[in-house]
1. Filter the range 31-44 down to residues that are hydroxyl-bearing (Ser, Thr, Tyr) and assigned to a helix (DSSP H, G or I) and give me whichever is nearest to Pro59 (Cα to Cα).
2. Please go through the range 45-70 and give me each residue that is buried (at least 17 other Cβ atoms within 10 Å of the Cβ) and either in a loop (DSSP other than H, G, I, E, B) or out of contact with any helix residue (DSSP H, G or I) (no Cβ under 7 Å at 6 or more places or on another chain) (or both), ordered by number.
3. Test Val78 against the criterion of being out of contact with any Asp or Glu (no Cβ under 9 Å at 6 or more places or on another chain), not in a loop (DSSP other than H, G, I, E, B) and not small (Gly, Ala, Ser), and give yes or no.
4. Could you list, in sequence order, all residues of the range 161-182 that are part of a helix (DSSP H, G or I) and at pLDDT below 90?
5. Does the range 121-134 contain any residue that is out of contact with any strand residue (DSSP E or B) (no Cβ under 6 Å at 6 or more places or on another chain), more than 17 Å from Gly12 (Cβ to Cβ) and modelled with pLDDT of 90 or more?
6. Identify the single condition in (1) at pLDDT below 90; (2) out of contact with any helix residue (DSSP H, G or I) (no Cβ under 8 Å at 6 or more places or on another chain); (3) within 17 Å of Gly148 (Cβ to Cβ) that Thr117 does not satisfy, given that it satisfies every other one.
7. What about Gly116, is it at positive phi, touching a residue at least 12 places away in the same chain (Cβ under 8 Å) and buried (at least 18 other Cβ atoms within 10 Å of the Cβ)?
8. Given Ala186, Ala190, Ala158, which one is at pLDDT 70 or above and within 15 Å of Val23 (Cα to Cα)?
Amino acid sequence: MVRLRPIAVYVGGSTLTSLRPGVSIAGPSPEGTLYTPTLDLEYLALGMPSTLNIVPVSPEGLPTPAVLTRAVLQLVDVPYLTVDAGTYYGIKAPHVKLPSARPGNDIAEQDALPPGTAAALFSEGESLGAMVARGHDLILIGESIPGGTTVAAAVMTALGFEGVGLVSSASPDNPKVIKRQIVLRALSRARTKNLRLNNEIGPIKRSFYDHYVLLREAHLNEELLDLLPVVALYLYSAILIGAAGRQLTLKLRGYLL
C-alpha cells in the first residue's frame, strides 16, 4: 500500500460583493463577512482568532465550518499552509501572503481588481504550487471567501455556462435570484467596455471539473479576469498547475472552509 504525503492549502480572500444584503451568510452580518476569512485562517492556525476574540458565525449563530476543518487536520495530522490572497483585514497568524493580494471590489459596481492583478495572482499561485509540491504528492485545497460563489457565477457565465445554476452557497437556501441580479449587472458593466466575454475562449466542451485547470489553457482575456475574478477558483488552478509541473500525482478534494 502506497502512503501518500499530503499537505493542505487554505486560501482566504475578500470581495466587497459580500456586503450586498442576502448574498452571503458567512458572517453575522454583511459587514461581518469581511472579517470571516481573517478569523477563519487565524482560527485554523492558532485555535482562536487574534483580530477579534470570536469565532465566525452565521446570522443564525452557527459556527464557521473552519471548526470542523481544524478538528480534522488535528485528527489526521496533515501539515497545512494558510494563504492570504486578498483578505480585507489581513491575518494575524503565520501565513503566506501573495505579493499581489488585495480585496476585490463589488463586481456589480466596479472592476474587481486593477488591470494586470489577476494575471499576477495567477503567476504567484503557480509559483506557490511548485513550492508546496516539493515533498508532497497529495494536495488538499480549501477556501474562505464570502461572496465567492457569486463572483464565481459571474466568471462561469462569462465562460458561457449558466453560472448561477452551477454554484452552491453557505446558506441552505441558495439566494440565486440575488446572485443572478449581481451577475447580470456585472456582465452588463463589462460589456460596456467592449470586452469579448465568450468569443475570447470559444466553445469549451470538457466537463466543468476540468475548468479548475482549463482557465490557463483557455487564454482568457486578462482584462476580463480583472473585472470578474474569483480568487479561490483562479488560485486553485494556478496552485494545481504549479504543482503539476513537478509531475506529481495530484488529487483535488472538496475540503472547503
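The values are calculated or read from the model by the stated rules, or taken from the named source; none is laboratory data. Everything numeric here is computed off the predicted structure, so don't read it as measured data. Positions of Cβ are generated from backbone atoms using ideal geometry, with glycine treated the same way; all protein chains shown enter the neighbour counts.
1. Filtering the range 31-44 down to residues hydroxyl-bearing (Ser, Thr, Tyr) leaves 33, 35-36, 38, 43.
Next, only the ones that are assigned to a helix (DSSP H, G or I) stay: 33, 36, 38, 43.
Numbers: Thr33: 10, Thr36: 12, Thr38: 18, Tyr43: 19 Å.
My answer is Thr33.
2. Within the range 45-70, the first condition is being buried (at least 17 other Cβ atoms within 10 Å of the Cβ), and the residues that meet it are 45, 49, 56-58, 64-66, 69-70.
Answer for the range 45-70, where residues must be buried (at least 17 other Cβ atoms within 10 Å of the Cβ) and either in a loop (DSSP other than H, G, I, E, B) or out of contact with any helix residue (DSSP H, G or I) (no Cβ under 7 Å at 6 or more places or on another chain) (or both): Ala45, Pro49, Pro56, Val57, Ser58, Thr64, Pro65.
3. Working: out of contact with any Asp or Glu (no Cβ under 9 Å at 6 or more places or on another chain): yes; not in a loop (DSSP other than H, G, I, E, B): no; not small (Gly, Ala, Ser): yes.
For Val78, the condition - out of contact with any Asp or Glu (no Cβ under 9 Å at 6 or more places or on another chain), not in a loop (DSSP other than H, G, I, E, B) and not small (Gly, Ala, Ser) - is not met.
4. Taking the range 161-182 first, the residues part of a helix (DSSP H, G or I) are 163-166, 176-182.
Listed by number, the residues that qualify are Gly163, Val164, Gly165, Leu166, Lys176.
5. no
6. (2)
7. Details: at positive phi: yes; touching a residue at least 12 places away in the same chain (Cβ under 8 Å): yes; buried (at least 18 other Cβ atoms within 10 Å of the Cβ): no.
It is false that Gly116 is at positive phi, touching a residue at least 12 places away in the same chain (Cβ under 8 Å) and buried (at least 18 other Cβ atoms within 10 Å of the Cβ).
8. Numbers: Ala190 fails: within 15 Å of Val23 (Cα to Cα); Ala158 fails: within 15 Å of Val23 (Cα to Cα).
After applying the criteria, what remains is Ala186.
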